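Trainee: Below you will find the structure I want to go over with you.
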Amino acid sequence: MARTATLVWAAAYGCVRIWFATGHAPNWKFPGGDLLIPHWAAVLLCVLSAAAVLALDRRPSSRLLIRTLWALAAAWVAAAALALLDVVGGVLPGLGLPFDLPGMLSRFAALGGAALLGRTALTCQRRLGPARTLAEIPRWAFVGAWAAVAGCLIRLAAQAVVGFDKTPYGANLSLVLFEGGFLLAGIALPLLLVYRLGRIFPRWMLLLPGAGLGGGITAYFGVGLLQMIVAAIQGKPAYGDIGLPDAFFWVAVPAYLVWGVGLATATYGFHLAKAGAASAADSECDLKVTMC
């Protein structure tokens, strides 16, 4: 099912990308367009996605092809990194972020393709053997959680240095809510994922925001850091149109990236431990039924 859906998506979205590439793209509101890659590169990525799925059909046990699907899914997430701004702007419209409906639909379509590629890869992985689980939260997940907290605090420290009044957003209720969510996602969420208090919540309440924010922050600021490096090599300012010194971005953007990677790491450890606990509970239940 996932394989067929992925092929249909690759064909349909590939046609859309060809339409855009041949001069029919809308007027995007974000600089650079809907995706962070050229139109023809997106077309090529669609072709590669379909080719990898078809190749996996012929060699379903190929771990190389499964890894290729995961890599392609990651590439689509990175290309659609501006979707993070769509979400923030949609939830908090008072921040003044531009609303670009065609761009948002295109980015979400790309993320949908990433999800289908990941689902196809995961289905093949499960056929090769049982999924990896852990009995408890691993140490590296704790490292990831505290790295996320450190990234958040460093980002706040960078803002304190330049002044909290130096922000591209207006001082309104949306900004207050944004800052509250900032602290929850940067401090509370990572720690809840690895410490006992987080176990009182249903699994999905931590897993969904952890995976979504971890992946979104990593993709958006990972691409942003690469753009800054390219700009530095060319002798250009990092973000000259925002009115903040380059030094601020060289601290804040890597801090965001550490935050995103750390949050994603903690979330993965949380997922493995929760899956292990569920598997152990099922095994114990089966044993009781057998004994009865």
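Computed from the coordinates by the stated procedures, all read-outs in this text should not be read as laboratory data. Owing to the predicted nature of the structure, the values given are computational and were not obtained by experimental measurement. Cβ: placed from backbone, ideal geometry, glycine included. Neighbour counts: every protein chain shown.
Trainee: Please work out the FRET efficiency for the pair residue 127 and residue 41, using the Cβ-Cβ distance as r and a Förster radius of 22 Å; give the result to the nearest 0.05. Could the numbers behind the result be given before it?
Mentor: On the way: r = 32 Å, r/R0 = 1.44.
E between residue 127 and residue 41, to the nearest 0.05, is 0.10.
Trainee: Report the full-extension gain for the segment residue 64 to residue 19: residue separation times 0.36 nm, less the Cα-Cα distance, to one decimal in nm. Walk me through the numbers on the way to the answer.
Mentor: Numbers: separation 45, 0.36 × 45 = 16.20 nm, distance 3.20 nm.
My answer for the length gained is 13.0 nm.
Trainee: Given the DSSP H assignment, sum -39500 (n - 2.57) over each helix run of at least 4 residues in the chain and divide by its residue total; what's the result at 222 nm in deg cm²/dmol, nearest 500? Each step should come with its number before you reach the end.
Mentor: Numbers: 10 runs with 210 residues, N = 292.
Mean residue ellipticity at 222 nm (helix-derived): -25000 deg cm²/dmol.
Trainee: Stokes-Einstein diffusion coefficient for segment 202-278 at 20 °C in a medium of 1.002 mPa s, Rh from the Kirkwood formula over Cα pairs: what value in µm²/s? Don't skip to the end; give the middle numbers.
Mentor: Working: Rh = 13.9 Å.
Here the translational diffusion coefficient equals 154 µm²/s.
Trainee: Spin-label point model (7 Å from Cα, Cβ direction): what's the residue 139 to residue 1 distance in nm?
Mentor: Placing both labels 7 Å along Cα→Cβ, they lie 4.1 nm apart.
Trainee: On to the next question. At a Förster distance of 35 Å, what's the computed FRET efficiency of residue 57 paired with residue 199, Cβ-Cβ distance as r, to 0.05?
Mentor: E(calc), rounded to 0.05, equals 0.30.
Trainee: Still on this model: Once whole DSSP H runs in the chain are found, which of them have Cα atoms spread over 20 Å or more along the helix axis and a mean Kyte-Doolittle score of at least 0.5? Could you put the intermediate results ahead of the total?
Mentor: On the way: long enough: 2-19 (25 Å, 0.79); 39-58 (29 Å, 1.60); 63-79 (24 Å, 1.36); 101-128 (41 Å, 0.57); 139-162 (35 Å, 1.40); 203-233 (44 Å, 1.39); 246-291 (68 Å, 0.71).
Helices meeting the criterion: 2-19, 39-58, 63-79, 101-128, 139-162, 203-233, 246-291.
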